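Notes for the one structure printed next.
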Amino acid sequence: MAREQKRVQTIEPEAIDGQFEDFYGAVTRLLGRVPHFYRTISNAPFLAMLFLPINASAQREWPGTRISGKIKEMVVIKTSHVNECEYCYAHNTSLGQAAGITHEQIIEMSSDDYLTSNLFNEREKAAILWAENVTRNTAQKNEDAYTRLKANFSEGEIVEMTMLCGMFNMINRINDSLDVAIEAQPEIDKIQGSLHMDPAKMGEYLRWLGDNWPDEFETMNKQAEDAAARFAR
């Protein structure tokens, strides 16, 4: 069962209009729904709008990246498990299952036994190990982890995985620090339809963002304040 928001008031879809409505529409098209994470960070609307394309393009599978959705979600799940971020773990075990990660694999990669498991191939083990070391901030000194990674991935792929892992370390901390409420499972599972990102939809969003970038910013900030106030406790 979803918890009530405890810290920052979410900005709900029924409280917005205009550019906010357009933005939430783009979040739905790119991420499958407007999760509580975006309803929370939209209190800082311009940062949320600028973060969306990085989030979607780094995490989803599409022709502009070289990592499969399955490998990406293994990186994200391991990162979120190490950080004990319940919100991201719930969402990404769901998206991971859409990417072909089994329940047994989720359990195994959430333990310390994944490197000896027969449930993963060497490429997957290298990615999970790298995510664990990046998250624990031991990657710089762990030459064995990097050697294993380098044997299975190109430098471009390594950069993509490292950026994804770093991004989710940030997202984990935002969700935990602001105590973002976990949605009910049917709402979480809407994420499964967003495994593959349509580059055309990203192009549409970036054009919209460029065309609607204002010269004055207080109006949108005030809209965020007003929208949050409508549902204030």
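The values are calculated or read from the model by the stated rules, or taken from the named source; none is laboratory data. The structure displayed is predicted, hence computed values, not measured ones. FYI the Cβ positions are ideal-geometry reconstructions off the backbone, even for glycines, and counts take in every protein chain you see. Protein only, heavy atoms only, side chains kept; ligands, DNA and RNA dropped before computing areas. Shrake-Rupley method; radii C 1.70, N 1.55, O 1.52, S 1.80 Å.
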Tally, over the stretch 167-189, of residues that are over 16 Å from GLU73 (Cβ atoms) and either in a helix (DSSP H, G or I) or not charged (D, E, K, R) (or both): 14
Output for the stretch 190-200, where each listed residue is in contact with a helix residue (DSSP H, G or I) (Cβ under 6 Å, 6 or more places away or on another chain) and in a helix (DSSP H, G or I): ILE191, GLN192, SER194
Among the candidates ILE41, ILE11, ILE16, ILE54, residue that is among the aliphatic types (A, V, I, L, M) and open to solvent by 40 Å² or more (accessible area, probe 1.4 Å): ILE54
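Rundown of residues vs (1) among the small types (Gly, Ala, Ser); (2) in contact with a Pro (Cβ under 8 Å, 6 or more places away or on another chain); (3) over 27 Å from CYS88 (Cα atoms); (4) assigned to a helix (DSSP H, G or I), yes/no style:
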site: MET202; (1), (2), (3), (4): no, yes, no, yes
site: LEU206; (1), (2), (3), (4): no, yes, no, yes
site: PRO214; (1), (2), (3), (4): no, no, yes, no
site: ASN221; (1), (2), (3), (4): no, yes, no, yes
site: GLU225; (1), (2), (3), (4): no, no, no, yes
site: PHE231; (1), (2), (3), (4): no, no, no, no
All positions within the stretch 58-79 that are open to solvent by 30 Å² or more (accessible area, probe 1.4 Å) and either assigned to a helix (DSSP H, G or I) or without any contact (Cβ under 8 Å) to a residue 12 or more places away in the chain (or both): LYS70
Flag for ARG29 being open to solvent by less than 30 Å² (accessible area, probe 1.4 Å) and more than 26 Å from GLU218 (Cβ to Cβ): no
